[in-house]
Amino acid sequence: MNSSPSTRLPHVVIVGGGFGGLETAQRLRKSNVRVTLVDRHNYHLFQPLLYQVATGGLSPANIATPLRSIVRKQANCEVLMAEVTDFDVAHQRLILADGELSYDYLVLAAGATHSYFGHDEWAKFAPGLKTIGDAAEIRRRIYLAFEAAERETDPERRKAKLTFVIVGGGPTGVELAGALSEIAQHTLKHDFRHIKPQDARIMIVEAAPHVLAHYPEDLCERAAEKIRSFGIEVHTHTKVTEINADAVHLSGPDGETMVGTKTVLWGAGVQANSLGKKLALAMGIETDRGGRLLVNQSCQLAGQDRIFAIGDIASFTDSSGKSLPGLASVAIQQGRYVAKVIPQLANGESIAPTFQYTDRGTMATIGRAAAVALIGKRRFYGLFAWLLWLFVHLMLIVQFQNRLLILVQWAWSYVTFNRSNRIITGEQPVQIVSPTSNPTAR
C-alpha cells in the first residue's frame with residue numbers, strides 16, 4: 001500500500017493503539033488534521049487486567065475493544081492494521097511489511113515487551129504477560145499443570161508439576177501469584193480425584209529487598225505479610241541464574257538452590273518495543289539501556305520537532321531529573337499533551353509549555369479483598385484499597401459494555417470463587433506425563 005495525503009491537511013500518523021496512542025488520536029478529533037492510527041492488532045488492549053485472562057477470570061473480549069469501533073464517529077481518523085518494520089526519516093515515511101505510509105507528524109507509542117536481561121533463551125520456558133497470546137499461553141500452562149499432576153503417579157514428579165515459580169515481585173508477579181493461590185485453594189478444590197490442588201507450591205522470586213519495591217517500605221511489608229497468608233512463598237534478595245524445562249536455579253541468601261518445576265511465569269523486567277531502536281538507528285541517535293527513545297521536555301526526539309515518542313517507548317526525565325515510570329497514566333497524559341502541541345506546530349504557533357506529569361497515584365491488587373494504593377502522600381491497604389482498585393480499573397475500560405460484563409463476572413467470581421474461562425487451548429499433542437510414568441496404576 002502506498003499512501004499519500006489526499007488533502008492539504010497535515011497528516012498525523014500514530015503508531016500503537018495502546019493508552020498513549022489512542023488518547024492522542026481521540027484528543028485530535030477536533031483538530032484540523034488527518035489522523036491515521038497504525039497497529040498490528042485491530043484492538044485496544046487493557047493490559048492491567050491481562051493477568052485475569054491468564055488465570056481464567058476474564059475472557060480476552062472483556063479487555064480488548066476493536067480500534068475501529070472506538071473511533072468510528074471520529075471523521076478525521078482512520079485505522080490501519082499494519083506492521084511497521086522501519087522508518088525513512090529523511091522522506092517522512094513509515095516502511096510497512098506490505099507498503100509505505102507518509103506522514104507530516106509521527107507519534108510513536110508502540111509500548112514495551114518483556115526483558116530477560118540478556119537471557120532470551122529463557123522465553124520458551126518462562127512466558128511473560130504483555131499480549132492476549134501471552135495470556136492464553138500462561139492460562140494453558142497453569143491448568144495443564146494440574147491436569148498433568150492428576151495423572152502423575154511419582155510423588156516427586158507430581159510435586160514438581162504442582163510447583164509454580166513467578167519471577168518478579170512487581171504488580172504483575174504479585175497479581176498472578178494471588179490469582180494462582182485462589183485457583184489452587186478454592187476454584188479447583190473439588191475438581192480432581194487424585195490430587196489436592198491446595199498442595200500447589202507457589203513462589204515469588206524477587207531480586208529486590210521487597211515485593212512491590214516501588215511502594216513505601218511499610219506497604220511492602222504489609223503486602224508481603226498478606227501474600228504469605230495466602231500460602232505463597234516470597235523469596236526476596238534472590239536472583240534467577242538458569243531456567244530450563246524441568247527446573248529453575250536460584251541464587252539467594254541461602255546460596256544456590258534448584259527448584260523442580262514445569263511452570264515458570266515471567267514478570268521481572270520490560271524493555272521498549274524494538275521499533276524504538278529502529279527509529280533511533282534511522283535518526284542516528286542512541287536509546288537508553290531499556291531500548292527507550294530519549295525525548296525532550298516536549299516529548300520530541302532530538303532535532304526532530306515533527307517526531308514524538310510517548311509511553312513505555314519513551315525515556316522522559318522531568319525537571320527534577322526523575323525518570324517517569326512505565327504507567328498507563330503517564331502515556332495517557334503524554335498523549336493529551338502531544339495532541340495539543342501538534343495542531344500548534346501545524347499552525348506555526350509556539351507550542352504549549354513543556355509536559356508536566358501529574359502523579360495521580362499507583363495501586364496493585366494482592367488478592368481477594370486486599371490491595372495497596374499510594375495516592376499522593378496517602379497510603380491505603382486492604383479492603384478499601386481493593387475497592388478503589390476495582391473502581392479505577394472499571395472506569396478506565398474503554399467500552400461501557402465491557403465494564404458491565406467485567407463487573408458482573410467479578411461479582412460472580414467473588415461469591416462463588418469460580419473462574420469461567422478455564423479452557424486449555426492450543427494444538428500441542430496431549431502428552432502430559434513422562435513416558436516412564438504409569439498413570440493407570442493407582
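Quick look at the values:
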read-out: Checking L345 against (1) open to solvent by 20 Å² or more (accessible area, probe 1.4 Å); (2) within 24 Å of P216 (Cβ to Cβ), the condition it does not meet; value: (2)
read-out: Lone unmet requirement of (1) closer than 30 Å to N42 by Cβ; (2) in contact with a Leu (Cβ under 9 Å, 6 or more places away or on another chain); (3) not in a loop (DSSP other than H, G, I, E, B) for G133; value: (2)
read-out: Residue ranges of helices (runs of 4 or more DSSP H) in segment 1-105 with at least 2 members farther than 30 Å from R368 by Cβ and under 27 Å from the mean Cα position of the chain (by Cα); value: 19-27, 67-70
read-out: Qualifying residue in segment 155-163 (condition: under 17 Å from A245 (Cβ atoms), surrounded by 18 or more Cβ atoms within 10 Å (Cβ to Cβ), in contact with a Ser or Thr (Cβ under 6 Å, 6 or more places away or on another chain) and not hydrophobic (A, V, I, L, M, F, W, C)); value: yes
read-out: I227 being open to solvent by less than 30 Å² (accessible area, probe 1.4 Å), touching a residue at least 24 places away in the same chain (Cβ under 8 Å), farther than 22 Å from G361 by Cβ and not charged (D, E, K, R); value: no
read-out: Pair list, Cβ under 7 Å, 6 or more apart: segment 306-334 residue in contact (Cβ under 8 Å) with a residue 24 or more places away in the chain and more than 11 Å from G20 (Cβ to Cβ), other residue among the charged types (D, E, K, R) and in a loop (DSSP other than H, G, I, E, B); value: R306/D104; S315/D288; S315/R292; L324/D318
read-out: Residue satisfying condition, being over 30 Å from G173 (Cβ atoms) and out of contact with any His (no Cβ under 8 Å at 6 or more places or on another chain), within set R40, R68, R34; value: R68
read-out: Candidate set from segment 313-339 (those that are in contact with a Gly (Cβ under 7 Å, 6 or more places away or on another chain) and crowded, with 23+ Cβ neighbours inside 10 Å); member that is farthest from R292 (Cα to Cα); value: G335
read-out: Filter pass, A370 being of a type outside the set (V, I, T), open to solvent by less than 10 Å² (accessible area, probe 1.4 Å) and modelled with pLDDT of 95 or more; value: no
read-out: Residue among D254, D199, D246 that is more than 21 Å from P127 (Cα to Cα) and touching a residue at least 24 places away in the same chain (Cβ under 8 Å); value: D199
read-out: Pick from segment 58-78, criterion crowded, with 19+ Cβ neighbours inside 10 Å and touching a residue at least 60 places away in the same chain (Cβ under 8 Å), ranking: farthest from R8 (Cα to Cα); value: L58
read-out: One residue from M203, M258, M283 being aliphatic (A, V, I, L, M) and under 24 Å from R368 (Cβ atoms); value: M203
read-out: The lone exception for R403 - which of (1) at pLDDT 90 or above; (2) within 25 Å of the chain's Cα centre (by Cα); (3) over 30 Å from T261 (Cα atoms) it fails; value: (1)
read-out: Search result, residues across segment 232-244 that are open to solvent by 50 Å² or more (accessible area, probe 1.4 Å) and not hydroxyl-bearing (S, T, Y); value: E233, H235, H237, K239, E242, N244
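For (1) crowded, with 20+ Cβ neighbours inside 10 Å; (2) under 29 Å from L279 (Cβ atoms); (3) modelled with pLDDT of 95 or more; (4) touching a Cys at 6+ places or on another chain (Cβ under 9 Å), each residue gets a yes or a no:
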{"position": "S102", "(1), (2), (3), (4)": "no, yes, yes, no"}
{"position": "Y105", "(1), (2), (3), (4)": "yes, yes, yes, no"}
{"position": "E121", "(1), (2), (3), (4)": "no, yes, yes, no"}
{"position": "I138", "(1), (2), (3), (4)": "yes, no, yes, no"}
{"position": "A149", "(1), (2), (3), (4)": "yes, no, yes, no"}
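The values are calculated or read from the model by the stated rules, or taken from the named source; none is laboratory data. Nothing here was measured: the structure is a model prediction, and the numbers come from that model. For neighbour counting, all protein chains shown are included, and Cβ atoms are generated from backbone atoms with ideal geometry for every residue, glycine included. When the accessible area is computed, the model is the full protein with side chains, heavy atoms only, and any ligands, DNA or RNA have been set aside. Shrake-Rupley method; radii C 1.70, N 1.55, O 1.52, S 1.80 Å.
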